[in-house]
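These notes are about the structure you will find just below.
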Amino acid sequence: MDQGRQEGLQEGRQEGEISVLLRLLERRCRVVPETVRQAIRALPQDQVLELADAVLDIQGLEDLQRWLGEPSS
């Protein structure tokens, strides 16, 4: 039971980090398309933290898509 609680806490923490990250990216990029949101939610934890570090360097949606390795629209 203790392991289940730890896993739940970890998942909740990661969801919270992604939520804050998406809010910051919305302020930076204005609009974050759902496909980009899904790509961010699918990132492993270490890449979520790397993207959080990169947020201040991202100037817009094209930079974000480039960081994610997605083609620009």
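If you take the residues in segment 1-40 that are over 18 Å from Leu51 (Cβ atoms) and of a type in the set (A, V, I, L, M, F, W, C), which one is modelled with the highest pLDDT? Ranking the qualifying residues of segment 1-40, first place goes to Leu9.
Filtering segment 56-72 for residues that are under 12 Å from the mean Cα position of the chain (by Cα), closer than 28 Å to Glu7 by Cβ, part of a helix (DSSP H, G or I) and not aliphatic (A, V, I, L, M) leaves an empty set.
The values are calculated or read from the model by the stated rules, or taken from the named source; none is laboratory data. Small disclaimer: the values here were computed from a predicted structure and weren't measured. We place every Cβ from the backbone using ideal geometry, glycine too, and count neighbours over all the protein chains shown.
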